[in-house]
Amino acid sequence: MKNIIVFTCCVFFLMHNFFNGLNAQNIALVLHGGAGNVTKENIPGSLEVQYREVMTKALNLGYDILKKGGSSLEAVQAVIHIMEDSPLFNAGKGAVFTNAGTNELDAAVMDGATLKAGAVSGVRHIKNPIDAAIAVMSNSQHVLLYGEGAEEFAKSQGIIMVDSSYFFTQKRYDQLKKVQEKEREGQGFNNTQHPDFKFGTVGAVALDQQGNIFVGTSTGGMTNKRFGRIGDTPIIGAGTYANNSTCGLSATGHGEFFMRAVVTHDISALMEYKGLSIQQAADMVIHEKLLKMGGEGGVVGLDTKGNIMISFNSAGMFRGYIGKDDQPVVLIFKDK
Ligand code: ASP
């Protein structure tokens, strides 16, 4: 009898570890910090080092949360906090300026397990818009809140508010002035050949030990955008989408095109209805559909097996992931 009990316990113990091991292997995390004219010539070495440092820190922190059994929501929120708090990226602290000299931020999240989503748009006083997006998803009956209403709601949720001067950075202000000068000379803000032409939106997608996918995207939009303009980031299915039966996706690029091409939902739909892999689906949308329309940018994502996908049609893209081998990989230029 004793032997049977010992044997049964051993079997349970081994099975428990085996399944936990399987789950642990499946966790994955991918992030981006924007795409665009990101080339060696346009990014000085010292700046490159800073970008790599922040992205590596964010990846390690997010992955650690997943490893310890934390949820994909927790991992994505932690990753995006780091990038929103860094002036390097066009989200949170480093948000770009509108044509009126204001900072108007957008953010969205989606939970692949429940298909619940939350987003805020045109907010000017929320330090970490990703927190407000999560609150909209979790504690409101809505998906997207705009402007003052979004800020009132965020305040009621105890989310950190800041004076709009918090978002002033000289670098972004100078970029605005430069772009406005170009505009006066007859070139719009979508001058993709210009060294300053970089999208800096941040996004992260995580798969946790429960097999749940969560995505978040946060942005200041595009330099010199018309005030009041809303981009693709907070539009579910355009810049942000997650569904446990297919994948999670976060996009960056010229938002007007991403909205019209419904980029992230299209990728998910190609997987769901046509059985394409995440990479095939994303490449089809980014390199064929979007490119034909004249849209520039990219998307990162992962599927329920933890396969990482990155696809972009711009010169480069700030991006990184930790997949099956547990090692952070950070890339900026076309291939490194
Ligand atoms: N997609 C963002 C927007 O259009 C910009 C970006 O990706 O940086 O608002």
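At-a-glance table
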item: Filter pass, Leu88 being under 18 Å from Asp208 (Cα atoms) and touching a residue at least 40 places away in the same chain (Cβ under 8 Å); result: no
item: Single residue of Ile308, Ile286, Ile267 found to be away from the ligand (no atom under 16 Å from the Cβ), of a type outside the set (Asp, Glu) and in contact (Cβ under 8 Å) with a residue 24 or more places away in the chain; result: Ile308
item: Where Thr252 falls short, out of the listed (1) in a helix (DSSP H, G or I); (2) touching a Ser or Thr at 6+ places or on another chain (Cβ under 6 Å); (3) buried (at least 24 other Cβ atoms within 10 Å of the Cβ); result: (1)
item: Strands (runs of 3 or more DSSP E) enclosed by segment 260-336 - at least 3 residues per element that are surrounded by 18 or more Cβ atoms within 10 Å (Cβ to Cβ) and within 16 Å of the chain's Cα centre (by Cα); result: 297-303, 308-312, 316-322
item: Filtered residues of segment 211-236 (kept if within 9 Å of the ligand (Cβ to nearest atom) and of a type in the set (A, V, I, L, M)); result: Met222, Ile230
item: Meets criteria (surrounded by fewer than 21 Cβ atoms within 10 Å (Cβ to Cβ), more than 13 Å from the ligand (Cβ to nearest atom) and over 17 Å from the mean Cα position of the chain (by Cα)) for Ala78; result: no
item: Options Val143, Val162; residue that is out of contact with any Gly (no Cβ under 9 Å at 6 or more places or on another chain) and at pLDDT 95 or above; result: Val162
item: Scope segment 237-249; condition within 14 Å of the ligand (Cβ to nearest atom) and assigned to a strand (DSSP E or B); matching residues; result: Thr240, Tyr241, Leu249
item: Qualifying residue in segment 43-64 (condition: over 12 Å from the mean Cα position of the chain (by Cα) and in a strand (DSSP E or B)); result: no
item: Wholly within segment 96-161, strands (runs of 3 or more DSSP E) carrying at least 3 residues that are in contact (Cβ under 8 Å) with a residue 40 or more places away in the chain and at negative phi; result: 105-111, 116-123
item: Verdict on Gly203 being buried (at least 23 other Cβ atoms within 10 Å of the Cβ), modelled with pLDDT of 95 or more, not acidic (Asp, Glu) and not in a strand (DSSP E or B); result: no
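The values are calculated or read from the model by the stated rules, or taken from the named source; none is laboratory data. All of these numbers come straight from a predicted model, not from anything done at the bench. Here Cβ is always computed from backbone atoms with ideal geometry, including for glycine, and neighbour counts include all displayed protein chains.
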